[in-house]
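Input: a single structure, listed below in structure tokens.
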Amino acid sequence: MSEGKVIGAYLVPNQALPVLAPEASPGWQSLAHSYAQVRAEIEASDADLLLLFSTRWVSIIGHQMQADPAPDYWVVDEDFHQFGSLHYQLKMDAEFASLYQDCARARGLTARTVAYPGFPIDVGSVATLQMLNPENRLPAGIVSCNMYSDRAETLVLGKAAADAIRQSGRKVLLLGVSALSNRMFGHWIEPASDRIHSLKDDEWNRKILELLGEGRLEDVSQLAREFHRQANGDSKLKAIWWMAAAMGQHNHYRGRVFDYQPVWGTGAALVGLQPTAKAEGGLEYDEDEVDVFVGDRNVLAPQPSKNHE
Amino acid sequence: MEKGRIITGCLAPHPPHLAYASNPQQNEPKASGAGAWQPLLDAYARLRQSLAAHDYDVLVVHTPHWKTRVGHHFLGVPHFEGLSVDPIFPNLFRFHYQLDVDVELAEAICRQAQAEGLVTTMMRNPEFRVDYGTITSSHLVRPQWDLPIVAISSARTYFDYSDEVGEREMLALGRATQHAIEATGRKALLLASASLSHRHFTEEPEDPEDPSFEHIYNPNQAQWDQHVMELMRQGQTRRLLEEMPDFIAQSVSECRDGSLTWLLGALGQAEIPATIHGYGTVIGTGNAVVEWDLAAQEVGA
Ligand SMILES: [Fe+2]
């Protein structure tokens, strides 16, 4: 079996409204149209696995990998229940989930596969797969977003994904399910008048998209903390950390911004990144680089495992 | 119609571990009985015993695990049944539930809260899955499931604006809850479904119920929890509310989801001593089962 590899990546929105009610807002309609373009690109590729990291699936016990081969249920959005339910029948690559778990553990992470009938697949992942892989032409994998993990741990999770992909022989497209700015309107708005919550968020989103459009994924990864602080980024932008680490931490990509629209005030973008030989300039790498996770810091707490021994 | 009233208010934490350890027939996974959370199971037993002396006809639950960013939502369908699988601890909680909702009371609180200036919404989608916080707290307090409930979501005001704004909203929501209960003639039991300190360990032992693993995440959390419980015991409600933003920030408290402040608001910020039925840790978080017995207070007065 030849070595597997990441053949590309997409940043996709974390909200289901463009799927539930595209007609309600020009922005959501535009996203629905752009999803179709991304879907066509995926269908034209030779990918044989879609691997998602979703900020809408929060975990506490390390990192969870979805391993139910055929999840079959429905999800109702916690806020937008009046827009209806999303019924899903998905196809998961259970063998890959198990391999990813092993690779994560080999790098010091706590990881486990989950496969339970009725498990609530998160609304971000369901929306993404319905738009990009509606017939389950490709199997998928989903990994959770640990609420306590910071950059180091998330990079290791991304590198473990790269390990698993290499060993699996799969040709993989990564999907980072995440908003950019994640400030929402806290009241009911007229969907047609949706806009980015603040000018500042909008400006930061556009800066990030400018860099991604130039293929500068590693630069965006290095900027994530500042972006998160300034523009209320979604989950510290962990999806970007994960993608950047899984793809080798560099700027050798061809980037394409398919769309950027507001969804209830948040910044929702569809961006594609294809590996290319040519690096874009302007590199400024100064964050830590971590290969193995040595555990929760537990500065004030005794190590639970030691206590347990 | 007789004027309604709140019979008792409880802090009723919802770690799914406690439902799991009770081995109810509705839950698919079965616990070993190794005893890691026995102090909390005993605390809930004492609470149930105490509540047996009271007559009430509805449970009103504020839950941190229905997280809404567009205001405060209320279950608005008369009956739900289904399977609740905890996305975080699916190994422990896969609970088959059937429950009735007191929609009339939910609508009354929803209207009253709107009149207080809050953004409110009735949840009318019958396919909605009821969250595990609501189910766990309700089950541990009244496993018979013979009374209707009202479930209120946790608006993200603390997170999207600030802890102070969140606190003010929750006090207003509490007032609205109290007024709606009075206006609808209900005798209500209120449940704030929340832990105190709330930093978790991010790994789990082979047997999740292994008592040699279980302890508080760090001494800072333990001290804050003890302090907060002392304020409750002494009936220093206003001081507790004054210190709430510090408590939230310094102990990573789940009170940031608003449940406890909602409860104290609904109790009219009454300075009455609470009964601490017990305290224990669950995967590092601090949990107390606490009762503010308004009915006993009235008898004593
Ligand atoms: Fe919780």
Over region B:169-301, what is the relative contact order in whole percent, taking alpha-carbon pairs under 8 Å and six or more residues apart? 39
Given a cut-off of under 8 Å on Cα pairs at least six residues apart, what relative contact order in percent is computed for chain A? 28
In units of 2.2 N^0.38 Å, the Cα radius of gyration of region B:188-244 is 1.44
List A:113, B:68, B:63 from most exposed to least, where exposure is judged by having the fewest other Cβ atoms within 10 Å. A:113, B:68, B:63
Quick one: check the C-alpha center-to-center distance for region B:129-158 versus region A:75-91, whole angstrom. 21
If the only charges are +1 at each Lys and Arg Cβ and -1 at each Asp and Glu Cβ, what is the size of the charge dipole of region A:5-275 around the Cα centre, to the nearest 20 debye? 760
3J(HN,Hα) from dihedral phi, region A:178-194, Karplus parametrisation 6.51/-1.76/1.60, rounded to Hz, x for glycine, proline: 6, 6, 7, 5, 10, 7, 9, 5, x, 9, 7, 10, 7, x, 5, 9, 4
Taking N as its residue count, the alpha carbon Rg of the protein assembly as shown over 2.2 N^0.38 Å: 0.96
Treat the count of other C-beta atoms within 10 Å as a stand-in for reagent exposure and order A:174, A:199, B:47, A:180 from fewest to most. A:199, B:47, A:174, A:180
In Å, the C-alpha Rg and Dmax of region B:5-300 are 17.5, 51
Relative contact order for chain B, counting Cα pairs under 8 Å that sit 6 or more residues apart, in percent: 31
Please list 3J(HN,Hα) in residue order for region B:95-100, calculated via the Karplus relation 6.51 cos²θ - 1.76 cosθ + 1.60 where θ = phi - 60°; whole Hz, with x for glycine and proline. 10, 8, 10, 9, 8, 10
Note to self: Kirkwood Rh of chain A, Cα pairs, one decimal, Å, is 19.5
Per the Kirkwood formula on distinct C-alpha pairs, the Rh of region A:6-98 is how many angstrom? 15.5
Rounded to a whole number, the mean other protein chain Cβ count within 10 angstrom for residues of B:117-125 is 3
What is the P(r) of region B:216-294, as percent of Cα-Cα pairs per 10 Å bin from 0? 19, 57, 24, 1
Hey, can you grab everything whose amide H is under 5 Å from the amide H of residue B:193? Only 5+ residues off in sequence or another chain; H modelled, so Pro and N-termini drop out. B:12, B:62
The exposure ranking of B:128, A:96, fewest beta-carbon neighbours within 10 Å first, is B:128, A:96
Would you mind pulling out the separation of the Cα centroids of region B:1-28 and region B:270-289, in Å? 14
With Rg and the Kirkwood Rh both taken from Cα atoms, where does Rg over Rh land for region B:46-125? 1.02
Here the alpha-carbon Rg of region B:1-40 over 2.2 N^0.38 Å rounds to 1.75
Per-residue HN-Hα couplings for region A:138-146 [Karplus 6.51, -1.76, 1.60; θ = phi - 60°; Hz; x = Gly/Pro]: 10, x, 10, x, 10, 10, 7, 10, 5
With bins 5 Å wide starting at 0, give me the P(r) of region B:149-215 over every alpha carbon pair, in whole percents. 3, 11, 15, 17, 13, 11, 12, 9, 6, 2, 0
Count the DSSP beta bridges whose two residues both fall in the protein assembly as shown, then state the antiparallel fraction as a percent rounded to the nearest 5. 45
To the nearest 0.05, the calculated FRET efficiency linking residue B:297 and residue B:242 through their beta-carbon distance, R0 being 30 Å, is 0.85
Restricting attention to region B:12-63, which trypsin sites (Lys or Arg not before Pro) occupy a DSSP loop and are surrounded by at most 14 other Cβ atoms within 10 Å? B:30
From the Cα trace of region B:122-162, what convex hull volume per residue do you get, rounded to a whole Å³? 111
Under a 5 Å amide H to amide H cut-off, with H placed in plane at 1.01 Å, what residues pair with residue A:113 once short-range neighbours are removed? A:65
For chain A, what is the calculated [θ] at 222 nm in deg cm²/dmol (nearest 500), taking -39500 (n - 2.57) for each run of four or more DSSP H residues and dividing by its residue count? -11000 deg cm²/dmol
In region A:172-236, trypsin sites (Lys or Arg not before Pro) in a DSSP loop with at most 16 other beta-carbon atoms within 10 Å: A:195
Principal axis dimensions, region A:164-217 - Cα atoms, whole angstrom, descending: 48, 25, 16
Could you let me know the centre-to-centre spacing of region A:194-246 and region B:78-92, using Cα atoms, in angstrom? 34
Looking at chain B, identify the longest residue range that excludes and avoids all GluC sites (Glu not before Pro) in DSSP loops having at most 16 other Cβ atoms within 10 Å. B:3-115
Please check: in the Gaussian network model of chain A (C-alpha springs, under 10 Å), which one of A:215, A:169, A:233 has the largest mean-square fluctuation. A:169
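All of the numbers you see were taken from the coordinates with simple rules; none came from a lab. Quick caveat: nothing in here was measured; it's all calculated off a predicted structure. Please note: Cβ atoms are built from the backbone with ideal geometry, for glycine as well, and neighbour counts cover all protein chains shown.
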